[in-house]
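So the structure is just underneath, and the comments pick up after that.
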Amino acid sequence: MLSIKGIEVFRTNLEMKKPFKVARYGIQSKIENIIVKIYSKNDIIGIGEVSLVTPLYYSGEICDTIANVIKHYLMKAVINEDPFNITKIWNKMNSIIKGNRLAKVVIDMALYDLIGKSLNLPVCKLIGGLNRKEFPSMGAIGAENTEESIKEAIKQVKEGFKVLKIKALGTSPKKEIERIQQIIETIGDEIELVLDANAVWDFKTALRIIKSLEKYHNIYFEQPTDIENIKALAILRNNTTAPIIADESAFTFHGLLEIIHLQAADYVNVKITQTAGGGFFNVLTAIRLLENADIKITIDDAPATEIVGSACAHLAAIVNEKSYWYFAHAPGWMNIKKSPVKKGGVKVEQPPIVTLPSAPGLGIEELDETLLIRI
């Protein structure tokens, strides 16, 4: 029987090639994430990662708390367990300590990686099978002024991106509207745009902006309302013609089920570290619920290395053809100056096409531990 003998916890402090600005979270110039290694007694290593860009706002977790929770509480739920007993391990983790989502998610990811490696199979074959190996990715533009946004949009269109996710400014509706109008006038309406508010608008602001821009048939609106006000999301969807994408509102199972029940969104942005509690264990259920509800799915996550990127790719590989729309995570790891992933992992050979890793598990074959800080 395969069993677990130990866990190592690391943090990252990786510089980004270009700072990225989000209205709600500020300017990000470094990636400070948690990476874990889980060792089996026959020396198979499972690797996991969680992003620390947004959790302080949503779950209250930081690197130190995640590391402490793993080392002092969750380790006892994992040591000597069979990694195949995912449900049992999740139940043990939840009984030991409430909340602390990301501490549990990073263990979940490493367990699936370990299981895949032990069977010499990619994770996607463990969780539903292979529907696609390549994924066109969205580009990404931060909450920059109009001039900088147009410049970046032109650059990314030349690189081959057909869909651009643009972070909202979080300022006046007039500036938001004029910025998007000028971007469309510059790059044309054949390029699709996702205006991501990250829940920074109130309902009246969201309604005004969407009503002003819905005449353009190439624009989608992501999380235009407060994350807990899913009824407002539904009202926007029912009173505007532009497609609505839910993101942060789906971070809990309750939120996801309310989105489905109220038909509050046309799309849900599914994140391996966040959606419906996060982790393969929970996100797989979320994907099947959305598929059965005929809600389309994008795959994304906060900026991270190719570890999270590879996990996202395995999720993108299993979504059925009718439900799958787009992959949005490539700009995250592409913006890291020097990645700790030395060999293997998800690749972008030619933007915007992302390729699923070929190695077992998540596909991460070697890490450069000189770029990791052991905790």
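The values are calculated or read from the model by the stated rules, or taken from the named source; none is laboratory data. Because the structure is a prediction, the values reported are computed rather than measured. Quick reminder, even Gly has a Cβ in these numbers, built from the backbone with ideal geometry, and neighbours come from all protein chains shown.
Picking from residues in region 338-358 that are crowded, with 17+ Cβ neighbours inside 10 Å and small (Gly, Ala, Ser), the one that is nearest to Val123 (Cα to Cα) is Gly345.
Taken across region 313-321, residues that are without any contact (Cβ under 8 Å) to a residue 40 or more places away in the chain, out of contact with any strand residue (DSSP E or B) (no Cβ under 8 Å at 6 or more places or on another chain), outside any loop (DSSP other than H, G, I, E, B) and among the aliphatic types (A, V, I, L, M) do not occur at all. Taken over region 1-52, the residue count meeting the criterion of being assigned to a loop (DSSP other than H, G, I, E, B) and under 23 Å from Tyr112 (Cα atoms) is 11. Once region 146-156 is narrowed to residues that are free of Cβ contacts under 8 Å to residues at least 24 places away in the same chain and under 18 Å from Ala23 (Cβ atoms), the residue that is surrounded by the most Cβ atoms within 10 Å (Cβ to Cβ) is Glu152. For region 348-375, how many residues are among the charged types (D, E, K, R) and assigned to a strand (DSSP E or B)? The number of residues fulfilling the criteria is 4.
Could you run through region 272-295 and say how many residues are of a type in the set (Lys, Arg) and in contact with a helix residue (DSSP H, G or I) (Cβ under 8 Å, 6 or more places away or on another chain)? Qualifying residue count for the region: 0.
Asp82 fulfils the conditions (1) surrounded by fewer than 17 Cβ atoms within 10 Å (Cβ to Cβ); (2) of a type in the set (D, E, K, R); (3) at pLDDT below 90 except for a single criterion, (3). Residues in region 25-52 that are within 23 Å of Lys104 (Cβ to Cβ) and surrounded by fewer than 19 Cβ atoms within 10 Å (Cβ to Cβ): Tyr25, Glu32, Tyr39, Lys41, Ile45. Elements of the type helices (runs of 4 or more DSSP H) sitting completely within region 198-290 and holding at least 1 residues that are in contact (Cβ under 8 Å) with a residue 12 or more places away in the chain and under 18 Å from the mean Cα position of the chain (by Cα): these cover 253-262. The single condition from (1) surrounded by fewer than 24 Cβ atoms within 10 Å (Cβ to Cβ); (2) more than 10 Å from the chain's Cα centre (by Cα) that Leu315 fails is (1). If the condition is being free of Cβ contacts under 8 Å to residues at least 60 places away in the same chain, touching a strand residue (DSSP E or B) at 6+ places or on another chain (Cβ under 9 Å) and acidic (Asp, Glu), then region 159-180 contributes only Glu176.
In the set (1) surrounded by 18 or more Cβ atoms within 10 Å (Cβ to Cβ); (2) basic (Lys, Arg); (3) under 29 Å from Ser51 (Cα atoms), the condition left unmet by Arg237 is number (3). For Val22, the test of being in contact with a strand residue (DSSP E or B) (Cβ under 7 Å, 6 or more places away or on another chain), more than 24 Å from Ala250 (Cα to Cα) and either crowded, with 19+ Cβ neighbours inside 10 Å or of a type in the set (Lys, Arg) (or both) is failed.
A single entry from Gly139, Gly160 fulfils the requirement of being within 24 Å of Trp333 (Cβ to Cβ), assigned by TED's automatic domain parsing to the domain that holds Glu222 and in contact with a Leu (Cβ under 6 Å, 6 or more places away or on another chain): Gly139.
Could you tell me whether region 2-13 includes any residue that is surrounded by fewer than 14 Cβ atoms within 10 Å (Cβ to Cβ), among the β-branched types (Val, Ile, Thr) and more than 20 Å from Leu372 (Cα to Cα)? Scanning region 2-13, I find no residue that is surrounded by fewer than 14 Cβ atoms within 10 Å (Cβ to Cβ), among the β-branched types (Val, Ile, Thr) and more than 20 Å from Leu372 (Cα to Cα), so the answer is no. Within region 157-169, being surrounded by fewer than 18 Cβ atoms within 10 Å (Cβ to Cβ) and of a type outside the set (D, E, K, R) holds for Val157, Gly160.
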